[in-house]
Amino acid sequence: MKKTAIAMLFAPAILAGCAASSGQGSSMDVTVDNMQNHNWVLESVDGKALDLPEGFAAPNLEIGEAFAANGHGGCNRYFGQAELKGDQFRIDKMATTMMACPEPAMTLEGVMSNVLGNWSSVELGKQHLVLKNSDHTLRFQLTQGTH
């Protein structure tokens, strides 16, 4: 009876700790170490779900070793050197391939280029990355197997 009472006292604290550590909303420090070696897939722009042409994959942002960045912007591939200053992020000297694609892929690519190529504020969670500048907010989801 005494063991059961003790277990009942500690169970809520243990469960609360597990819930807090596994939640998607868990905030993380914005650091190079916490952002690199991950592949982030775009899930929304300005709070709206993506509207992709049939057969088009969602854009992504992959940040690798030495903070090198690359990905798919909606139509074309891009790459460059990621930079982080405090909670501000950008890809410096971003280069892209130059294919034409149907709308809304080209518009989406323009938004991605705007946010990634200019300084944007960063919100980092265990499963998400949000980049926001004065024009747009991009919310990315961490792909499985990378964290």
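Conditions: (1) under 21 Å from Asn37 (Cα atoms); (2) modelled with pLDDT under 95. Thr107 meets all but one. Number of the miss?
If we test Thr107 against (1) under 21 Å from Asn37 (Cα atoms); (2) modelled with pLDDT under 95, just (1) comes out false.
Return yes or no: is Glu83 touching a strand residue (DSSP E or B) at 6+ places or on another chain (Cβ under 6 Å) and among the charged types (D, E, K, R)? Steps first, please.
Values: touching a strand residue (DSSP E or B) at 6+ places or on another chain (Cβ under 6 Å): yes; among the charged types (D, E, K, R): yes.
Yes, satisfied.
Of all residues in the range 94-122, how many are closer than 14 Å to Leu61 by Cβ and part of a strand (DSSP E or B)?
Result for the range 94-122: 4.
Which of the residues spanning the range 42-80 are in contact (Cβ under 8 Å) with a residue 40 or more places away in the chain, among the charged types (D, E, K, R) and outside any loop (DSSP other than H, G, I, E, B)?
Answer for the range 42-80, where residues must be in contact (Cβ under 8 Å) with a residue 40 or more places away in the chain, among the charged types (D, E, K, R) and outside any loop (DSSP other than H, G, I, E, B): just Glu43.
Which one of Ser120, Ser134 is within 22 Å of Leu50 (Cα to Cα) and surrounded by fewer than 18 Cβ atoms within 10 Å (Cβ to Cβ)?
Ser134
If only one of Glu83, Glu62 is touching a helix residue (DSSP H, G or I) at 6+ places or on another chain (Cβ under 8 Å), of a type in the set (Asp, Glu) and at pLDDT 95 or above, which one is it?
When all the criteria are applied, what remains is Glu83.
The values are calculated or read from the model by the stated rules, or taken from the named source; none is laboratory data. Since the structure is predicted, the reported quantities are computational estimates derived from the model, not experimental observations. Note that each Cβ is placed from the backbone with ideal geometry, even for glycine, and that neighbours are counted across all protein chains shown.
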